[in-house]
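Quick note: the coordinates plus some simple rules give every number you see, no bench work behind them. Model, not experiment: these values are computed from the prediction. No Cβ is skipped: glycine too gets one built from the backbone with ideal geometry, and neighbour counts run over all protein chains shown.
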Amino acid sequence: MIQVCYYKGCGVVYGEKEPLSDKAVTHGLCPKHLEISLKELKADVEKLVNSTGGLKVLIVEDSRLFRDLFKETFHDRFPSVEIYEAVDGEEGLQKIEASRPNLIFMDIRLPGENGLEVTKKVKARYPSIIVIILTGYDLPEYREASRRYADYFFSKDSSTAENIFTLVESILRTHV
Ligand SMILES: [Zn+2]
């Protein structure tokens, strides 16, 4: 598969991914735009931490495995960060109402309303919450809608997770 950058009209082919014989296109961020996106995210999260005094994270994800992994990593690396979880959009909205997180990691494929619809509602009601969509699926309509409603859109892979954890770490080290 050919990897093409989706960042605002970039369109650069930055790599290939298994299966190599398959010439289908999959989208992601080229190294330059990954760096830019992470810098933008870092600036946003920094602003958030400065104005609210700390991070409160919600993960909306139906896969228990992914949720647990994410939670454990957060707990281990950032014991000061409050972390909440929800298995679908409905529970997600309840948790937002009750716990007022300021940073949300949202899966797209959820039982009931999908993560894009949930994100749209969240941003309409709470525009200051940063929503990061994490997805394992690369569909053009997801990307387009994500760009419209969410603040960030990353593919769900280990290097992205590591990049985000490193970013949170560097912010918390200097601000908390
Ligand atoms: Zn690019």
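Miscellaneous remarks
- Angle between the chain longest axis and helix 89-99 axis [Cα atoms, degrees, rounded to 10]: 40 degrees
- Reachable lysines from Lys47, criterion Cα separation under 29 angstrom, eight or more residues apart if same chain: Lys8, Lys32, Lys39, Lys56, Lys71, Lys95, Lys120, Lys121, Lys123, Lys156
- Each principal axis of region 102-159 carries a Cα extent, and these read 28, 24, 20 Å when sorted largest first.
- Compared with the alpha-carbon gap, the fully stretched path from Glu117 to Glu97 is longer by 5.5 nm at 0.36 nm per residue.
- Angle between the chain longest axis and helix 31-52 axis [Cα atoms, degrees, rounded to 10]: 10 degrees
- For the chain, a Gaussian network of Cα nodes joined below 10 Å ranks Glu40, Glu117, Glu141 by mean-square fluctuation, and the top entry is Glu141.
- Diffusion coefficient, µm² s⁻¹, Stokes-Einstein with Kirkwood Rh over alpha-carbon pairs of region 31-175 at 25 °C and 0.890 mPa s: 162 µm²/s
- Derived value for region 10-52: Kirkwood hydrodynamic radius 12.6 Å. Basis is the mean of 1/r over every pair of different alpha-carbon atoms.
- Least to most buried among Met106, Met1 (fewest other Cβ within 10 Å first): Met1, Met106
- At R0 = 25 Å, FRET efficiency that the Cβ-Cβ distance of Lys8 and Asn50 yields, to 0.05: 0.40
- Amide H partners (placed H, <5 Å) of Leu55, local residues excluded: Glu82
- Percentage relative contact order, the chain, counting C-alpha pairs under 8 Å, at least six apart: 18 percent
- Taking 0.36 nm per residue of separation and subtracting the current Cα-Cα distance, fully stretching the chain between Glu90 and Leu167 would add 24.8 nm.
- The residues packed around Arg67, meaning those with a beta-carbon under 13 Å from its beta-carbon, carry a net charge of -4 if Lys and Arg are +1 and Asp and Glu are -1.
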